[in-house]
Ligand code: ATP
């Protein structure tokens with residue numbers, strides 16, 4: 001009988017699986033010539049994202065292949081990550097459409113996200129999200145992340161730059177591609193000697209920070225619990241409009257997080273329940289961090305602040321309550 005057991009990556013452990021896998025992979029193989037590339041949207045550490053067209057508007061992440069091979073990332077790693085990517089279908093996750101897998105043309109094609117990233121909203125435009133809106137956003141992130149984890153996929157790079165807001169709907173991008181797109185920046189001039197790009201450190205749980213070594217991010221112990229830690233930082237950014245440990249040098253952050261010291265919440269204007277979520281997600285011990293389904297339940301139970309008076313709430317009563 002066909003073994004249906006899944007390995008750590010959520011793939012079938014059946015010995016016959018690789019052959020089937022490579023066959024079905026063809027369905028997702030997009031011939032490079034079929035893609036139309038327009039302007040650059042942005043350049044990340046390992047690839048450039050273009051606005052493109054393939055049966056409609058798409059985003060094309062073109063990987064810098066020479067840098068992959070220069071850093072010893074085999075084509076198989078790329079194919080493996082693409083195989084992971086194509087298993088995802090969820091409202092709050094970017095739609096994977098296919099990939100170009102013939103070197104030197106390696107590209108990942110996804111739906112084009114409209115709207116802006118949470119990073120742009122929070123850190124560039126300085127938009128303020130009230131508690132109710134933050135809760136709704138956090139719920140959607142938890143839903144998307146809960147789904148990923150249920151499929152055995154660890155995001156490894158959850159951050160506000162990878163979360164789009166499209167007319168109020170959360171769309172998470174860039175999941176599971178960490179090994180091919182992020183791992184080889186150790187000697188990148190954009191990072192420091194530990195290969196830490198700005199704005200990355202505050203998403204790293206204590207066990208990741210403690211495992212940081214120059215040029216060795218390939219072996220960082222990412223887990224579902226490290227994704228939950230990163231979610232905690234996103235939650236903090238939503239509520240406070242800035243990164244935790246703001247303005248502190250990397251060494252200071254590494255020392256504190258590695259020892260279990262958290263960003264103080266003393267000056268934060270928020271209810272106990274909201275702060276408790278932060279503290280739980282940032283727990284020093286991975287085993288004490290909640291999982292996304294339980295985070296979702298906690299978020300759903302948070303009392304909503306009544307922003308507008310509803311018709312069922314008579315005005316004279318509210319007045320008397322106010323006075
Ligand atoms: P890093 O490499 O440090 O993670 P990054 O997240 O900015 O940086 P990329 O993920 O390569 O790098 O993204 C480059 C740019 O493309 C970003 O501005 C990102 O918001 C944008 N982008 C990525 N995916 C999409 C998409 N599906 N739709 C629209 N824009 C996208």
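Brief remarks on what is shown
- C-alpha center-to-center spacing [region 123-173, region 26-48] in angstrom: 24 Å
- Spin-label model, residue 37/residue 132: points 7 Å from Cα along the beta carbon direction are separated by 4.5 nm.
- Gain on full extension, evaluated as 0.36 nm per residue between residue 219 and residue 57 minus their Cα-Cα distance, stands at 54.7 nm.
- Taking the number of Cβ atoms within 10 Å of each Cβ as an exposure proxy, the fewest-first ranking of 109, 261 is 261, 109.
- Burial ordering of 287, 223, 271, fewest other beta-carbon atoms within 10 Å first: 287, 271, 223
- Prolate/oblate/rounded call for region 210-292, Cα gyration tensor, a/c under 1.5 rounded: oblate
- Three-way shape call for region 104-158 based on the alpha-carbon gyration tensor, with the a/c threshold at 1.5: oblate
- Of 243, 119, the sequence from fewest to most neighbouring Cβ atoms within 10 angstrom is 119, 243.
Bear in mind these aren't lab numbers, they're just calculated from the coordinates by the rules spelled out. The structure presented is a predicted model; accordingly, all values stated were derived computationally and were not measured. Ideal geometry is used to build each Cβ from the backbone, glycine not excepted, and the neighbour counts take in all protein chains shown.
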